[in-house]
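One structure is given below, encoded as structure tokens.
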Amino acid sequence: MAKGEETRERIVRHALQLSSTEGLEGLSIGGLATDLGLSKSGLFAHFGSKEELQLAVLKLVAERFEREVLLPAFRAPRGEPRIRRVFDRWMDWMNDAAQGGCPFVAASFELDDKVDSRPRGYLVTAQRLLLQSLARAAQIAKEEGHFHADLDPEQFAFEMDGVMLSYSHWKRLLRDPKAEVRARQAFERLLAASRRMVNQTAS
């Protein structure tokens, strides 16, 4: 790896670490330069703007999420076992204290109103791809006979994503010690409802 690429990676990794406490908006070229022992102009040469730095951080998060959550999960058997594996890996990701929870969740609150922001556009694309992956996994579970034939895969993706967002809120903001138990119970209820035939009444 060339020295310039190595320096750039070091900057982005440190910026990601800082963003866990300072947020994407809290990142500054000057602050990073001081932390890393670089000149401000030298660091600016790697990222022409704060927005470019934010974009690089989000791309690093997406690469890590794919490597640590999705790729291991998609090696599990098709259908419900694969969805369970996604959930378990995702929970581990959310519990990673080193990155301060899920960077995507934190960034979504910072960027949701910045309509013309390139980082926001990238984040929206990444989240839509994740939801499509969840919906596809649910569709495969239907095809394998694990979920009922009338299941709406997109609705399943919406509800599974909702469990994870609620978990982040209860764990990181409310500091509820039962947050993980509640999230796992909600996920199990979602799976149970997905298996149940629509014309079968709940007992």
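Values as computed for the structure displayed
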| read-out | value |
| --- | --- |
| Whole-Hz ³J(HN,Hα) from phi, Karplus 6.51 cos²θ - 1.76 cosθ + 1.60, for region 74-89, glycine and proline x | 6, 8, 6, x, 4, x, 4, x, 5, 5, 4, 5, 4, 4, 5, 5 |
| Span from the region 1-59 Cα centroid across to the region 85-158 one, whole angstrom | 26 Å |
| Sorted by Cβ neighbour density within 10 Å, fewest at the top, the residues ILE11, ILE140 | ILE140, ILE11 |
| Simple Cβ-charge dipole of the chain, Lys/Arg +1 and Asp/Glu -1, about Cα centre, in debye nearest 20 | 420 debye |
| Largest-first ellipsoid semi-axes for region 21-117, taking √(5λ) over the Cα gyration tensor eigenvalues, angstrom | 32, 14, 12 |
| Amide H partners (placed H, <5 Å) of GLY79, local residues excluded | ALA141 |
| Percent RCO, i.e. relative contact order, over region 59-195, from Cα pairs under 8 Å lying at least 6 residues apart | 21 percent |
| Point-charge dipole on Cβ atoms (K/R +1, D/E -1) for region 97-139, about Cα centre, debye to 20 | 200 debye |
| Folded to 0 to 90 degrees: helix 3-22 orientation relative to the chain principal axis, Cα | 60 degrees |
| Under 12 Å, Cβ to Cβ, from GLY31 - net charge with Lys/Arg +1 and Asp/Glu -1 | 0 |
| Selection from VAL105, SER194, PRO72 lying farthest towards where the dipole of region 59-195 points positive, charges on Cβ | PRO72 |
| Cα long-axis angle, helix 153-168 against the chain (0 to 90 degrees, to the nearest 10) | 60 degrees |
| Rg over Rh [alpha-carbon atoms, Kirkwood Rh] for region 59-195 | 0.97 |
| C-alpha long axis of helix 179-195 to longest principal axis of the chain, angle in ° | 50 degrees |
| Positive-end extreme of charge dipole, the chain - chosen from GLN155, PHE87, VAL115 (charges on Cβ) | PHE87 |
| Helical contribution to [θ] at 222 nm, DSSP H n ≥ 4, -39,500 (n - 2.57), averaged over the chain, rounded to 500 | -21500 deg cm²/dmol |
| Theoretical gain in end-to-end length, SER20 to GLU51 [0.36 nm per residue, Cα-Cα removed] | 9.5 nm |
| Charge context of ALA76, other residues only, Cβ under 10 angstrom, K/R +1, D/E -1 | +4 |
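No lab work stands behind these numbers, since they all come straight from the coordinates. Bear in mind the structure is a predicted one, so any value in this text is a computation, not a measurement. Cβ sites come from the backbone with ideal geometry, for glycine too, and all protein chains shown count toward neighbours.
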